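These notes are about the structure you will find just below.
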Amino acid sequence: MAAAFFGRLCLYSNYNVLIEFFQCKFWELSGCRPCRRIAANDVPGLRASAAVGLAFLLFLVMPSVTLSGELSGQASVIDGDTLEIRGQRIRLWGIDTPESTQLCRADDSRPYRCGAKAANELDAFIAGRPVSCAPLSQDQHGRTVASCSVNGIDLGEWLVRNGLALDWPQYSKGRYAVVQREADRAGRGVWSGSYVAPWLYRACLRAQGSPTNCSDDANAHP
């Protein structure tokens, strides 16, 4: 829209001083070249007028940049709750999956890498299909926090339902609590044995604990 607007100015303006100054300053945005360059002192108040024009340009352009809407495309699975689409990291909203170094215990009490399992299961479920994400916010690591789906299936809900992730009430306000209880009753995923909530595991690591020791607390259910 902005490029078309400037294109029309290039074709139809009558070399009005303000328009020419405006074009010279913003030709990189529009892709067109100014008709002729002008001196900054051609008319009094030129710079002030240009500032008004810049504010108007930002009013037109910024909504399309900051409110870009849905992200979609082929997704790479970084870990159980993080995707990448076209180079942009996306953190799934409202859930938390075990970390890649984290161990859980199965129903036979044998340890397994539950974080790696979540990532592998998610990758297999997506199976190269397009992923659609609705951005909600940005986290402290600069990742986009979003609700993502494949063929209308909420990936966060799918992970929690299969016992691969936990509802994270600090952020979700219990959005996935019902499906989590279902996974618990059915003994799916981490609910088949024992685990440490991922946020407690990370806190343990920050306190200088080791992955093995921080994983070894079967009573740390939320």
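Of all residues in the range 66-95, those that are acidic (Asp, Glu) have Cβ atoms under 7 Å from Cβ atoms of residues that are surrounded by fewer than 15 Cβ atoms within 10 Å (Cβ to Cβ), 6 or more apart or on another chain, in Glu70/Ala134; Glu84/Ser76. Answer yes if at least one residue in the range 172-181 is surrounded by 13 or more Cβ atoms within 10 Å (Cβ to Cβ) and within 25 Å of Pro211 (Cβ to Cβ), and no otherwise. The answer is yes, given that some residue of the range 172-181 is surrounded by 13 or more Cβ atoms within 10 Å (Cβ to Cβ) and within 25 Å of Pro211 (Cβ to Cβ). Taken over the range 130-154, residues that are at pLDDT 95 or above, open to solvent by 70 Å² or more (accessible area, probe 1.4 Å) and not aliphatic (A, V, I, L, M) amount to 3.
Residues in the range 109-129 that are touching an Asp or Glu at 6+ places or on another chain (Cβ under 9 Å) and either open to solvent by 40 Å² or more (accessible area, probe 1.4 Å) or over 21 Å from Cys204 (Cα atoms) (or both): Pro111, Ala119, Leu122. Do we have Val145 as under 13 Å from Asp96 (Cα atoms), outside any loop (DSSP other than H, G, I, E, B) and β-branched (Val, Ile, Thr) here? Yes.
For the range 106-121, the count of residues that are more than 21 Å from Ala186 (Cα to Cα), among the aromatic types (Phe, Trp, Tyr) and at pLDDT 95 or above is zero.
Does Val190 satisfy being open to solvent by less than 50 Å² (accessible area, probe 1.4 Å), farther than 30 Å from Gln74 by Cβ and among the β-branched types (Val, Ile, Thr)? Taking the combined requirement at face value, the residue does not satisfy it. Asn162 falls short on exactly one of the conditions (1) among the polar types (S, T, N, Q); (2) open to solvent by 60 Å² or more (accessible area, probe 1.4 Å); (3) within 24 Å of Ser215 (Cβ to Cβ), and that condition is (2). Restricting the range 94-108 to residues that are in a loop (DSSP other than H, G, I, E, B) and buried (at least 19 other Cβ atoms within 10 Å of the Cβ), the residue that is farthest from the chain's Cα centre (by Cα) is Leu103.
The values are calculated or read from the model by the stated rules, or taken from the named source; none is laboratory data. Model, not experiment: these values are computed from the prediction. Neighbour counts run over all protein chains shown; Cβ positions are idealised from the backbone, glycine included. Ligands, DNA and RNA are excluded from the accessible area calculation, which covers all protein heavy atoms including side chains. Shrake-Rupley method; radii C 1.70, N 1.55, O 1.52, S 1.80 Å.
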